[in-house]
Amino acid sequence: MERERGRERGQRDRGKEGEGERGKEREREREGRREEEREREGEGERERGKEEEGEQERGKEEGEREREGEGDRGKEREREGRRERGGRKEREKEGEGERGKERERGKEKDRERGGRKEREKEGEGERGKEKDREREREGRREQVVDVCSVSSMGRMLRFCFSVMFGFGGRTLAAAEKLHWIPNVQRRELAFISSLTTLKPEDCELSFITSGGEAVDQTDSELEDDLGDVGEDGPWQTRRGLYLNISIMSIPCLCSMAPRGLAPFTRLNNSSMALVAVGNASRSEFIKHLKRYSSTNNQFSFSFVETQSVVAVRLRPRSHCGWTEETSEENEECDSKNIPIISSEGTCPWNIDGELLEVPGEVLIRVHPSILTLFGFDVEEAEEKPTKCSCI
């Protein structure tokens, strides 16, 4: 039994040893196969490497060939570009030559046109000079103007175009005393001052009206008329109270009176306009003054008298003597009608905007067409009518 168990153990041991030998043999076989597989893989990798190297070599060869081809094509393109640039330069030179010729032809045409223009300008200049000479001959005008003369007590004082006595003279006299005030404010202040102390002048007004024959009257004939001062002579006389008396030989247009202080007279109608403003209330007198700056008739008042005259003689009553009748009339006058001219003082006159003080009677007469103005037709500047801000 023990021997059998011994044999069985020996068999099992030998079986185990055989199995171990077989296992080792299998291991060696597996190792061999793995070695073979690694060798095959290595060979495959070497083959692939060779193929990749070959491909790289072929790529390099192809790249070199392509670069060589591109270089050849680039050189060809450069040659073509040089040829094209050369052709363009040749064409540009030809074009510049053509343009130069065209410019020369243009300059020649410009010179021809310039010459024609110069000749035309010279012709136009000559024609313009001729037209100017014609306009000068046509536009030259000679305008004769009537002038007033002012004299007192047989003595000639001055020539003028307008004479004002009363309100006009006293306003100018008041303005002359305010030299330190600017012109506009000085005139307005004098105007307001004269309106505040407004009183009539008591005087004797005589005049010779201008008839149809007065236009052709000579100076000697006019002297004869002026010398005839009797009751049967041409003189017409008014005695009374006057706020203002104006005598003008021209219309006297201004911004304050767009139609003129004497709108119905002319420059050379051989007469003067006499405007005598009789005694009236201050409000009525202001209405009369306001109408000078409007289109309304400033003479359509009952206390305003207008005459076309050739001579005017104005004598303040304090200097012409008083009759019994006038003394009785003055006794009946109220305080507002008292004359403001004293027998010892002088009367202020506004002669063409200049102050002149005369102590007695004044004679104003017209001298037809003694002044001649030479000039050309000139468009008058539009001047907007101005209203006095003080009334």
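The values are calculated or read from the model by the stated rules, or taken from the named source; none is laboratory data. Remember, predicted model here, so these are calculated numbers, not experimental data. Please note: Cβ atoms are built from the backbone with ideal geometry, for glycine as well, and neighbour counts cover all protein chains shown. Ligands, DNA and RNA are excluded from the accessible area calculation, which covers all protein heavy atoms including side chains. Shrake-Rupley method; radii C 1.70, N 1.55, O 1.52, S 1.80 Å.
The figures follow:
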| read-out | value |
| --- | --- |
| Vicinal HN-Hα couplings computed from phi for region 150-158 (Karplus, 6.51 cos²θ - 1.76 cosθ + 1.60; Hz; Gly/Pro x) | 10, 9, 8, 6, x, 10, 6, 9, 5 |
| Kirkwood hydrodynamic radius of region 28-69, from inverse mean 1/r over distinct Cα pairs, in Å | 12.3 Å |
| Lysine pair number, Cα distance threshold 29 Å (strictly under), region 117-181, separation 8 or more or different chains | 4 |
| Cα shape, region 1-138, gyration tensor, a/c 1.5 rule | oblate |
| Under 5 Å, built H, 5+ apart or other chain: amide partners of TRP349 | LEU356, GLU357, VAL358 |
| Placed amide H near LEU243: partners under 5 Å, 5+ positions off or other chain | GLU201, VAL277, GLY278, ASN279 |
| Equivalent ellipsoid dimensions for region 108-208 as semi-axes, Å, which come from the Cα gyration tensor, largest first | 61, 24, 10 |
| Residues of type lysines that LYS93 reaches as a straight line, Cα spacing below 18 Å, ignoring anything fewer than 8 places off in the same chain | LYS101 |
| Kirkwood-based shape ratio for region 93-155, expressed as Rg/Rh from alpha carbons | 1.72 |
| Area accessible to solvent at MET256, 1.4 Å probe radius, in Å² | 80 Å² |
| Loop sites in region 149-191: chymotrypsin sites (Phe, Trp or Tyr not before Pro), DSSP, at most 16 other Cβ within 10 Å | TRP180 |
| Distant-in-sequence amide H partners of LEU157 (H built 1.01 Å from N, under 5 Å) | VAL150, SER151, SER152 |
| 3J(HN,Hα) from dihedral phi, region 22-37, Karplus parametrisation 6.51/-1.76/1.60, rounded to Hz, x for glycine, proline | 5, x, 5, 5, 5, 4, 4, 4, 5, 4, x, 5, 4, 4, 4, 4 |
| Gap separating the Cα centres of region 273-295 and region 155-184, nearest whole Å | 19 Å |
